[in-house]
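Okay, so here's the structure we're looking at.
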Amino acid sequence: MELKTINAELLAKMFKQGTVELNKNKGLVDSLNVFPVPDGDTGTNMSLTMNSAIEGLTKQSFETVEEVSKSISKGSLMGARGNSGVILSQIFRGFAKGCKGKTELTSTDLCIAFKDAADTAYSAVLKPVEGTILTVIRKIADKSMEYVHEDLELVDLMKLLIKIGEETLELTPEYLPVLKQAGVVDAGGKGLICILQGCLDAMQGVESSFDAIKTEEESIMPAQNIINTDDIEFAYCTEFIIEGDSMNGQELRQIIEKMGDSMVFVQDDDLIKVHVHTNNPGTALEEALKYGSLKKVKIENMRDQHSTIIEGAHDQDKLADKVEDKKDVNAELPYEEDYGFIGVAMGDGFVNIFKDLGIHGSITGGQTMNPSTEDFMKEIANCPSKHIFIFPNNSNIIMAANQAKELSDKDVYVIPSKTMPQCITAMLEFDRDKSADENYQAMVQSLSNVKTIQITYSVRNTTFNDLAIEKDDYLAVADGEIKGVGKEIKNVILDSIKNTINDDSEILSLYYGSDVTKQDAEEIVDVISEAYPELEIDIYSGGQPIYYYVCSIE
């Protein structure tokens, strides 16, 4: 049976099934993520964006494809996470333009909607990079224009467009050397193909339940563990939404675009969505506040792939001593009227450490389990303090925290901490006798005083920067750069410390993970002490997954 038009019901099913297919392949897409930074979250961010986009489709019925596409556009804009999620939301925004005034879509209408989708996505990105999701949607749009005047059967048309998309995806390593180096195709482009394949499935009668949309996924170890991110110029992926009346978007865009790169700027009615990679996220947010209220804020430090997760209540006394030695902070850090603190944590020990530091609001999360903007909003709502500081403690979570800052009417500061050691150092810098702005500046500046080394393993054989790496080799990653590799974990740790330490280094804190015994960790400490007798070394049970050890050097 030929399909000649797409009505509102079918278009809604297409978006839902596209979400199902993306969720099935979320782990695969994450594993491909090496550009613009190897933070391993493209699939997760696109999936969360899609889940937000289709949420409205389950709550009401629609009479026209215009209504469906507007709902998808709005939902994806509000729920967009990460660079890929923001660009995806702009693809949907452009698609909605092509659906304007339409009750149903013909093949001609669908071709035009794809063209609008590509044009809108490109216009939203300040400096479009070829070899990404943008290239894939552009090639699809260009192909669609070849059929714009033909009355095609829609399933056949979609198959043709997906085919050109897949062919373009296979060529993305030719556009971006980092993809060829890692032996992968572009993650965002792959995610888009998954969505389109799901749309095609719906056009052919496939329909999955909403539960499947939320739960179906495949977990695959990431390729980006082996990628060097030392040359990242702008560290903080910053996203926010501004809400206000009669906002001068162009003026704000000119200000923000000078602060970094990878900028996506979208103005839609009373909302402005901004994504930018910058070294000064706080400045960008302060400028944004001049134009309206912030509704969603998310900041991530892109040089670090995973958060340091700290737990183990039996280490509290040692940390408390460290707090007192570092600063005149006593045991009574109350849930104050003036200052409140929220930190992302995993495990009871982590929560208890936070409490010792004065962080009373705790959100469960970390790598592979990123809290949503809504999670932050709930914790912000529960905090009665006048000024609220948030510690994401993971590069993939900072943007969600910033989204929450934008959405909240409270005075929220996001400290762009990417590891647990950075969070600890920042909290030790806090001085309640200073203003909120002064504390924010001091805490952000303190993050650079901490060097974090994370010990994990390689998921494949590869060569990187003339360094031969075999599958299951131990890897030491410090601030996104490989500092050691080998088959003996003790040697890898010593190499990484040697390549990270400097003359100013005084203290090394070792957090051992869930796959490491205390005895093994103590043996590692003995090895480090023998090699570096001048260092003061502390050991804690971290309990973190993925990383055998996390070392902080100050």
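The values are calculated or read from the model by the stated rules, or taken from the named source; none is laboratory data. Because the structure is a prediction, the values reported are computed rather than measured. Reconstructed Cβ throughout: ideal geometry from the backbone, glycine too, with neighbour counts over all protein chains shown.
Annotations for the structure displayed:
- Given (1) farther than 22 Å from THR19 by Cβ; (2) among the acidic types (Asp, Glu); (3) out of contact with any Phe, Trp or Tyr (no Cβ under 6 Å at 6 or more places or on another chain), number of the condition GLU130 does not satisfy: (3)
- Filtered residues of the stretch 395-431 (kept if among the hydrophobic types (A, V, I, L, M, F, W, C), over 29 Å from ASP270 (Cβ atoms) and in contact (Cβ under 8 Å) with a residue 40 or more places away in the chain): MET420, CYS423, ILE424, MET427, LEU428, PHE430
- Residues that are within 25 Å of the chain's Cα centre (by Cα) and of a type in the set (Ser, Thr, Tyr) were ranked within the stretch 238-269; the one that is modelled with the lowest pLDDT is SER262.
- Selection from the stretch 53-92 of residues that are of a type in the set (S, T, N, Q) and buried (at least 24 other Cβ atoms within 10 Å of the Cβ): SER69, SER76, ASN83, SER84, SER89, GLN90
- Residue-level analysis places SER529 outside the set of residues that are surrounded by 16 or more Cβ atoms within 10 Å (Cβ to Cβ), polar (S, T, N, Q) and at pLDDT below 95.
- For the stretch 40-72, the set of residues classified as touching a residue at least 60 places away in the same chain (Cβ under 8 Å) and over 23 Å from ASN394 (Cβ atoms) consists of ILE54, THR58, VAL68, listed by residue number.
- Taking residues in the stretch 114-133 that are farther than 20 Å from PRO173 by Cβ, and partners anywhere that are of a type in the set (D, E, K, R) and buried (at least 23 other Cβ atoms within 10 Å of the Cβ), the pairs with Cβ atoms closer than 7 Å and at least 6 places apart or on different chains are THR120/ARG93.
- Single residue of the stretch 120-145 satisfying the filter (more than 25 Å from VAL184 (Cα to Cα) and modelled with pLDDT of 95 or more) that is farthest from the chain's Cα centre (by Cα): MET145
- Hits in the stretch 427-456 (condition: touching a Ser or Thr at 6+ places or on another chain (Cβ under 7 Å) and either β-branched (Val, Ile, Thr) or at pLDDT below 80 (or both)): VAL450, THR452, ILE453
- Qualifying residue in the stretch 170-180 (condition: on the phi > 0 side of the Ramachandran plot and out of contact with any helix residue (DSSP H, G or I) (no Cβ under 7 Å at 6 or more places or on another chain)): no
- Scanning the stretch 520-529 finds no residues that are among the β-branched types (Val, Ile, Thr) and not in a helix (DSSP H, G or I).
- Test: residue in the stretch 457-473 that is modelled with pLDDT of 85 or more, more than 18 Å from THR278 (Cα to Cα) and not charged (D, E, K, R): no
- Lone unmet requirement of (1) crowded, with 21+ Cβ neighbours inside 10 Å; (2) on the phi > 0 side of the Ramachandran plot for ASP472: (1)
- Qualifying residue in the stretch 495-511 (condition: assigned by TED's automatic domain parsing to the domain that holds TYR474, free of Cβ contacts under 8 Å to residues at least 40 places away in the same chain, surrounded by 15 or more Cβ atoms within 10 Å (Cβ to Cβ) and among the charged types (D, E, K, R)): yes
- In the set (1) buried (at least 19 other Cβ atoms within 10 Å of the Cβ); (2) touching a Gly at 6+ places or on another chain (Cβ under 8 Å), the condition left unmet by PRO421 is number (2).
- Condition check for SER61: small (Gly, Ala, Ser), modelled with pLDDT of 85 or more, part of a loop (DSSP other than H, G, I, E, B) and outside the structural domain of LEU407 (by TED's automatic domain parsing): yes
- Within the stretch 64-91, restricting attention to residues that are of a type in the set (Ser, Thr, Tyr) and part of a helix (DSSP H, G or I), the residue that is modelled with the highest pLDDT is SER69.
- Within the stretch 482-509, the set of residues being farther than 27 Å from ALA468 by Cα and either in contact with a helix residue (DSSP H, G or I) (Cβ under 6 Å, 6 or more places away or on another chain) or among the β-branched types (Val, Ile, Thr) (or both) comprises ILE507 only.
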